[in-house]
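Visitor: There's a structure below that I have some questions on.
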Amino acid sequence: MKQVVTCQEMKFCDSYTIERMGVPSCVLMERAALKVVEELEKRFAGEYKKQKILCVCGSGNNGGDGVAIARILHQHGCQSTIYLAGNPDHRTEEMQRQCQIAANYQVPVVNNLHSEEYTTIVDAIFGVGLTREIKGEYRDLIAELNEMSGWKVAVDLPSGVDGDTGAELGIAFHADLTVTFAFRKAGLCLYPGRKLAGQVIVADVGIYREDGAEPKLFSMEKSDLRELPEKEADGNKGTFGKILAVAGSSGMCGAAFLSASGAFATGVGMVKIVTPEENRIPLQTMLPEAMISCTDDLEKDFDWCDVLVIGPGIGMTVKAADKVQFFLKKAKQEKKPVVLDADGLNLLAENPKWKNYLDSHVILTPHMGEMSRLTGKSIRELKSDRAGAARALAAETGAVCVLKDACTVTAAPDGRAWISLSGNAGMATAGSGDVLSGVLAGMQAMYPETPVEEKDTGFYAALGVLLHGAGGDQAAVRKGMAGMKAGDIACGVAEILKEQQNF
Ligand SMILES: NC(=O)C1=CN([C@@H]2O[C@H](COP(=O)(O)OP(=O)(O)OC[C@H]3O[C@@H](n4cnc5c(N)ncnc54)[C@H](O)[C@@H]3O)[C@@H](O)[C@H]2O)[C@@H](O)CC1
Ligand SMILES: Nc1ncnc2c1ncn2[C@@H]1O[C@H](COP(=O)(O)OP(=O)(O)O)[C@@H](O)[C@H]1O
Ligand SMILES: [K+]
């Protein structure tokens, strides 16, 4: 799990290191430039003289990095050239200093992008200082760079990507590689910024977070699944958790099957599905390991379970609504974790008073459409700031919010949020959300809350999202992104856990 920062936090960390710790700004800039050069030279494989590198530099400190990169490459024997964008009068002190040093070393400066063919283009126009939409000459410049051939490398952020939200501010540089400094910026984790950045390398340049402020935003990648404890050798099916999946309706038993499969894949002891009678035979045929309950004795079912999944495929009938309300109310009274998904969320949107049943033990798992119904905000608005939207719903309801999308953000009511870096477009297939609901319930059942270490409902929900994405990546390897189906994600989850636990 790694800290992710906003642009403002990054600027604070920069100035803290410079002003409070006394590390001169030019030292940090030199280290940043050296790190980019190091990454570039890995690709050059010793053949420096063949490289023709264009460093396109803005007037801020991102431009200063670019000029320093050009100068170091020049000193290493590469043919590096500087293109200076923007008004010279607006150059920062550091940028002016870098221009002077580059001039002393006679690094060539061009004012025509097409005077040569370049093997590499380095974008150092804007970094964390980008504050508004890109227009005019800068827009034309970035459009031209995107048209040019050559390997594209962005310094800190691809110019045009909003470092906080990942949004494209008018236009953005399309990078193959982004070398970002000290911490991954949120905009490099969220789409479209994540796609525009290409491969991301986080380089240590000597800027750390030493102000004592609690980090609030994290990225999670597959290696973080090491946090999952192994199954206890002396456990039994009772100790590994009992999941109640309130799922499926007439003609919709697949959602119940997939949710239960997701739960089983995590290693839980038992799963019982509460569903209409007509689903009994197909479910028992497809998944004989699950118990099926078709009675109206909801009280008994509730008492039996440790964790609930409510919603996959239950429909929007009055009967479904009564069931959802019953289970939500009981779960709140008895503090049992709940994953509220799909029609459970649509019913919540229709019955806003049910928000009283929500607390930090409830995980809401809306996709963008469900989120729009829950919040009244347009999908466009939600997509413009996914982390902000997830955090706002978590803060408003007191529940954990898993806002599903190509890049899923999990937010806890206390403001912590986790961005999952696993998953792939093959997961955009019917039923993959149902599998997620089961995986999330499984995580709550398998791993007890330890709030002291902040391993609570929100943390395990985020780990569940990561696991589901890793399972999807595994499915894509096995079946291909086009051929994989939701059930393959559940199998992928089981395989990932096998790999992680080294059985
Ligand atoms: N000493 C430091 O503080 C360090 C800074 N570093 C680099 O410095 C960068 C941040 O530098 P700055 O804060 O100077 O900011 P930037 O260099 O990212 O850009 C700021 C400049 O762009 C202008 N600008 C912003 N949005 C614009 C738009 N849409 N159209 C036209 N102009 C626009 C601003 O008015 C300002 O002049 C980092 O991303 C990183 O690359 C690194 O060298 C590490 C150390
Ligand atoms: N392009 C993508 N990259 C990664 N994950 C994706 C992508 N598209 C969808 N997903 C994931 O697949 C799941 C889809 O869930 P959902 O929309 O509820 O589907 P369904 O209702 O069909 O089950 C979510 O977990 C989402 O994050
Ligand atoms: K840049």
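Visitor: How large a share of the accessible area of segment 2-215, in percent, is made up of carbon and sulfur atoms when the probe is 1.4 Å and the other protein chains stay in place?
Guide: Carbon and sulfur atoms account for 47 percent of the accessible area of segment 2-215.
Visitor: Taking the Cα centre as origin and putting +1 on Lys and Arg beta-carbons and -1 on Asp and Glu beta-carbons, what dipole magnitude results for the chain, to the nearest 20 debye? Spell out each step's value before the answer.
Guide: Working: 53 positive and 65 negative charges, 80 e Å.
That gives the chain a dipole magnitude of about 380 debye.
Visitor: Could you list the square roots of 5 times each eigenvalue of the Cα gyration tensor of segment 436-489, that is, the equivalent ellipsoid semi-axes, sorted largest first and rounded to whole Å?
Guide: Equivalent-ellipsoid dimensions as semi-axes: 27, 10, 6 Å.
Visitor: Do any GluC sites (Glu not before Pro) in segment 182-276 lie in a loop, going by DSSP, with at most 12 other beta-carbon atoms within 10 Å of their beta carbon, and if so which?
Guide: E210, E230, E232
Visitor: Calculate the translational D of the chain in whole µm² s⁻¹ from Stokes-Einstein, where the hydrodynamic radius comes from the Kirkwood formula applied to all Cα pairs, the temperature is 37 °C and the viscosity 0.692 mPa s.
Guide: 135 µm²/s
Visitor: Might you tell me the accessible area per residue for the chain, computed with a 1.4 Å probe and given in Å²? Please list the in-between numbers first.
Guide: Values: 21040 Å² over 503 residues.
Heavy-atom SASA per residue in the chain reads 42 Å².
Visitor: Using Cα-Cα distances under 8 Å and only pairs 6 or more residues apart, what relative contact order does segment 420-496 have, in percent?
Guide: Working: 109 pairs, mean separation 34.7, N = 77.
45 percent.
Visitor: Test of understanding: what is the full-extension gain from M21 to A213, defined as 0.36 nm times their sequence separation minus their Cα-Cα distance?
Guide: Numbers: separation 192, 0.36 × 192 = 69.12 nm, distance 1.59 nm.
Fully extending the segment from M21 to A213 adds 67.5 nm.
Visitor: What are the equivalent ellipsoid semi-axes of segment 306-413, built from the alpha-carbon gyration tensor (square roots of five times its eigenvalues), in whole angstrom, biggest first?
Guide: Result for segment 306-413: semi-axes of 22, 15, 11 Å.
Visitor: Residue separation times 0.36 nm, minus the C-alpha to C-alpha distance between K11 and K319: what's the value?
Guide: So the extension gain works out to 105.5 nm.
Visitor: Further, regarding this structure: Round to the nearest 0.05 the FRET efficiency obtained for T131 and H76 when R0 = 41 Å and r is the Cβ-Cβ distance.
Guide: So the FRET efficiency works out to roughly 0.75.
Visitor: Using only the C-alpha atoms of segment 177-279, find the volume of their convex hull and express it per residue in Å³.
Guide: Working: hull volume 19.4 nm³, N = 103.
Per-residue hull volume (Cα only) is 188 Å³.
Visitor: In whole Hz and in residue order, list the ³J(HN,Hα) couplings for segment 428-440 that follow from phi through the Karplus curve 6.51 cos²θ - 1.76 cosθ + 1.60, θ = phi - 60°; x for Gly and Pro.
Guide: Karplus values, whole Hz, x for Gly and Pro: 7, 9, 3, x, 5, x, 5, 4, 4, 4, x, 4, 5.
Visitor: Same structure, new question: Using the C-alpha atoms of segment 41-136, what convex hull volume per residue, in cubic angstrom, is computed? Please report the intermediate quantities before stating the final value.
Guide: Working: hull volume 10.2 nm³, N = 96.
Cα convex hull per residue, to the nearest whole number: 106 Å³.
Visitor: Would you mind listing how long segment 2-215 runs along its three principal axes, going by Cα atoms, in whole Å with the largest first?
Guide: Its Cα atoms span 48, 38, 35 Å along the three principal axes.
The values are calculated or read from the model by the stated rules, or taken from the named source; none is laboratory data. All figures in this text were calculated on a predicted structure; none of them were measured in a lab. Positions of Cβ are generated from backbone atoms using ideal geometry, with glycine treated the same way; all protein chains shown enter the neighbour counts. What goes into the accessible areas is simple: the full protein's heavy atoms, side chains included, and nothing from ligands, DNA or RNA. Shrake-Rupley method; radii C 1.70, N 1.55, O 1.52, S 1.80 Å.
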